[in-house]
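Report on one structure; see the data block that follows.
Nothing in this text is a laboratory measurement; each read-out follows from the coordinates by a stated rule. Keep in mind that this is a model prediction, so the values were computed, not measured. A quick note on method: Cβ atoms are made from the backbone with ideal geometry, for glycine too, and the neighbour counts reach across all protein chains shown.
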Amino acid sequence: MEHYAPTQSFGGFWLRFAAILVDGLILSIPAWYARSIDQMWLSTIMTWLYFALFESSKLRATPGKLLLGLAVTDLAGEQISFIKATIRFFAKGLSTLLLFAGYVLAAFTPRKQALHDFLAKTLVIRR
């Protein structure tokens, strides 16, 4: 198991941005279908479960993060729980509501944390 160390390399803004693009592509087909049958709530549930289940799994990453060599951990470098992954997912809404400024924080904070990482007490590390 990987552990956070002071020399740990964190997932920076552009790597995380690329990962979210990959995940967006993966989610676009089921989300499009859910919206086409006028079930926006289904799209939200699928997206939440995609992020929360992958990030709280032993993989510690969505397919997009895996592809780019990233993992989501708690502040000690350990696997996060489904509850923590859920908090992180819904906190992304706040990052978005602030005109995406919550995401941009990852470019300027020492451990490359976005607002939702601060709120969920998580890190995105490079494997």
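Some notes on this structure:
- Candidate set from the stretch 44-94 (those that are closer than 20 Å to residue 106 by Cα and of a type in the set (Ser, Thr, Tyr)); member that is nearest to the chain's Cα centre (by Cα): 62
- Only one entry in 96, 62, 44, 109 is touching a residue at least 24 places away in the same chain (Cβ under 8 Å) and out of contact with any Cys (no Cβ under 9 Å at 6 or more places or on another chain), namely 62.
- Residues of the stretch 51-64 satisfying the condition of being of a type outside the set (A, V, I, L, M, F, W, C) and outside any helix (DSSP H, G or I): 57, 58, 60, 62
- Residue match in the stretch 50-62 (condition: surrounded by 15 or more Cβ atoms within 10 Å (Cβ to Cβ), aliphatic (A, V, I, L, M), over 24 Å from residue 127 (Cα atoms) and touching a helix residue (DSSP H, G or I) at 6+ places or on another chain (Cβ under 6 Å)): no
- Residue count for the stretch 94-114, restricted to those that are surrounded by 14 or more Cβ atoms within 10 Å (Cβ to Cβ) and either of a type outside the set (Ser, Thr, Tyr) or part of a helix (DSSP H, G or I) (or both): 11.
- Selection within the stretch 65-93 - aliphatic (A, V, I, L, M), assigned to a strand (DSSP E or B), free of Cβ contacts under 8 Å to residues at least 60 places away in the same chain and closer than 15 Å to residue 120 by Cβ: 72
- Note on the stretch 115-127: among residues that are in contact with a helix residue (DSSP H, G or I) (Cβ under 9 Å, 6 or more places away or on another chain) and in a strand (DSSP E or B), the one that is farthest from residue 47 (Cα to Cα) is 126.
- For the stretch 19-50, the set of residues classified as among the polar types (S, T, N, Q) and outside any helix (DSSP H, G or I) consists of 39 only.
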